Amino acid sequence: MVLSARVARFNRVVTNRATKPFVGVLPGFGLLVHRGRRSGREFRTPLNIFRTDDGFVVALTYGPDADWVRNVFAAGGAEVITRGHKYRVRDPELVHDETRRPMPPGVRQVLGLVGVTDFLVLKRE
C-alpha cells in the first residue's frame, strides 16, 4: 500500500506549498526540478531525498507512476536542490526493494508502515 490519491492531493495543495520555502536546505529534504513531458513547464516537487555515494535516492511514496517520476524518466534526468546546493542528476533507475535498503535505517521503518518498496535512484553528474 502506498499513499492514497486523497493524501497526494492534500500534499500537493497544502503540504508542498508550506514546505517549499525551506525544503531545499534541510537534511533529508530537497526539491526536484523537472519539466513536464507534454507541457514543457518547469515543476519543483518537494521530496524526502537522501544522498548515496554517487547520487541520490527517493522513496516513491505514491508509487512509480507519479507524474514527476514519469517526467524524470522522459527527460533522462532533472535537477536536485538540497542543503543549499543544486545538482544535475541523470540516469534515473527504478529499484524495487522490499527490505528498503536504499534508505537510511530510521526511514526504513516509517516506509515499512506505509508499504513503500519502490525507489528512484539518480546519479549525480
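Within the stretch 52-81, the set of residues being in contact (Cβ under 8 Å) with a residue 24 or more places away in the chain, more than 11 Å from the chain's Cα centre (by Cα) and under 20 Å from Asp97 (Cβ atoms) comprises Thr52, Asp54, Gly55. When you check Gly84 against the structure, is it touching a residue at least 60 places away in the same chain (Cβ under 8 Å), within 27 Å of Arg6 (Cα to Cα) and surrounded by fewer than 14 Cβ atoms within 10 Å (Cβ to Cβ), yes or no? Considered against the rule, which asks whether it is touching a residue at least 60 places away in the same chain (Cβ under 8 Å), within 27 Å of Arg6 (Cα to Cα) and surrounded by fewer than 14 Cβ atoms within 10 Å (Cβ to Cβ), Gly84 comes out as no. In contact with an Asp or Glu (Cβ under 7 Å, 6 or more places away or on another chain), at pLDDT below 95, hydrophobic (A, V, I, L, M, F, W, C) and within 20 Å of Phe119 (Cα to Cα): does that describe Leu31? Considered against the rule, which asks whether it is in contact with an Asp or Glu (Cβ under 7 Å, 6 or more places away or on another chain), at pLDDT below 95, hydrophobic (A, V, I, L, M, F, W, C) and within 20 Å of Phe119 (Cα to Cα), Leu31 comes out as no. Consider Arg101 carefully, then state whether it is open to solvent by 40 Å² or more (accessible area, probe 1.4 Å) and either modelled with pLDDT under 95 or part of a strand (DSSP E or B) (or both). Judged against the criteria, Arg101 is a match.
The values are calculated or read from the model by the stated rules, or taken from the named source; none is laboratory data. Quick caveat: nothing in here was measured; it's all calculated off a predicted structure. FYI the Cβ positions are ideal-geometry reconstructions off the backbone, even for glycines, and counts take in every protein chain you see. The protein model used for the area step is the full one, side chains on, heavy atoms only, and it has no ligands, DNA or RNA in it. Shrake-Rupley method; radii C 1.70, N 1.55, O 1.52, S 1.80 Å.
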